[in-house]
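Worksheet: the structure to be examined is printed underneath.
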Amino acid sequence: MTVEVFAPAKINLTLHVTGQRSDGYHLLDSLVVFADVGDRITLTKAAETRLEVSGPCAAGVPTDARNLVVKAAQLLGVTAHIHLHKNLPAAAGIGGGSSDAAATLSGLCQLYCVPLPTPEAVLSLGADVPLCLKRGLVRMEGIGEQLSALGPSPGMHLVMVNPRVEVPTPTVFKALSCKENPAMNWPMNPTDWVLWVAKQRNDLEAPAVSAEPVIADVLAMLRAQPGCQLARMSGSGATCFAIMEDAQAQQNTVAHIKTAHPEWWAVACKALTGDQFSRETT
Ligand code: C5P
């Protein structure tokens, strides 16, 4: 039997750093959605775990135990042939590796009819892995272990752009100057949620821009596009997203960025509403 799982990009619409734990991990308050673009993982029962990676963003992705999908199989104590089709850039702030790990856990549990590991064990794979098991609109607190489902994502015309620089998460957190900022100003306004999101922040944007100034160019270019309601960096970068007014503005923006910067990664996407948890069995 083969199970195919979808590992969507996660987008931090907001990301407030509200404190730091004694072990160095930062406390966050973040509003997250998942995109309808992501990696695809095919899992087949096998006597030994073997990982094969293909796809447009496969270059440099490890195929050994450094890869979180292999760690996910080891955590479950099962073995499988894993085919990972990488559509998402790595170390990009959109949860590529974490989402791959979460999807692998979920797929292997289905393949071997075993339950998911404990929340603590899932968190040990990475702070964003529990989050990536969710769908819809999610509020993430703590270091990523406190998750509140806020319902289906609102419909939105999104653009994601990565200038093809890898920003290591620890570097960005280390460069953060103020480690205690105000949490988000809840509740979210359901009638004008874009305006509400626009009033929040991503506290990692400034340190990421210091490390990779090209991120500021991406944000400036997105904000200059007609119909751009909001542009911000996701996670620890370097991927930035924009919420566009309509499908036309969304398509025009992607076309413009691809022409101006063919070396950048630019995609149009929409948020998975939450009832589209994609898992296919063949
Ligand atoms: O848990 P994960 O491997 O994704 O985290 C990578 C690094 O990012 C951590 O070692 C830590 O330096 C930093 N980090 C943090 N606070 C978080 C998440 C990550 O300081 N909430």
>> Against the conditions (1) farther than 21 Å from PRO56 by Cα; (2) in contact with a strand residue (DSSP E or B) (Cβ under 6 Å, 6 or more places away or on another chain); (3) in a helix (DSSP H, G or I), where does VAL254 fall short? Just the number, please.
In response: (1)
> Which of the following residues is in a loop (DSSP other than H, G, I, E, B) and either under 30 Å from THR42 (Cα atoms) or free of Cβ contacts under 8 Å to residues at least 24 places away in the same chain (or both): THR259, THR273?
Replying inline: THR273
> Among the residues of segment 64-113 satisfying the criterion of being under 27 Å from SER234 (Cα atoms) and hydroxyl-bearing (Ser, Thr, Tyr), which is surrounded by the most Cβ atoms within 10 Å (Cβ to Cβ)?
Replying inline: THR104
> Here is a list of conditions, (1) within 21 Å of the chain's Cα centre (by Cα); (2) at pLDDT 95 or above; (3) over 24 Å from VAL17 (Cα atoms), and PRO226 meets all of them except one; can you say which number that is?
Replying inline: (1)
>> Checking the structure you have, find out if any residue of segment 4-16 is closer than 19 Å to CYS109 by Cβ, out of contact with any helix residue (DSSP H, G or I) (no Cβ under 6 Å at 6 or more places or on another chain), at pLDDT 95 or above and surrounded by fewer than 19 Cβ atoms within 10 Å (Cβ to Cβ).
In response: yes
>> From the list THR253, THR239, exactly one residue is closer than 23 Å to LEU133 by Cα and touching a Leu at 6+ places or on another chain (Cβ under 9 Å). Which is it?
In response: THR239
> From the set of residues in segment 222-244 that are without any contact (Cβ under 8 Å) to a residue 24 or more places away in the chain and either farther than 19 Å from GLY93 by Cβ or outside any strand (DSSP E or B) (or both), which is nearest to the ligand (Cβ to nearest atom)?
Replying inline: ARG223
>> Regarding segment 60-76, can at least one residue be identified that is of a type in the set (Asp, Glu) and more than 16 Å from the ligand (Cβ to nearest atom)?
In response: yes
> Which one is farthest from LEU158 (Cα to Cα) among residues in segment 23-63 that are of a type in the set (D, E, K, R) and buried (at least 20 other Cβ atoms within 10 Å of the Cβ)?
Replying inline: ASP29
>> Restricting to segment 111-157, name every residue that is among the hydroxyl-bearing types (Ser, Thr, Tyr) and under 17 Å from PRO8 (Cα atoms).
In response: SER153
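The values are calculated or read from the model by the stated rules, or taken from the named source; none is laboratory data. Since the structure is predicted, the reported quantities are computational estimates derived from the model, not experimental observations. No Cβ is skipped: glycine too gets one built from the backbone with ideal geometry, and neighbour counts run over all protein chains shown.
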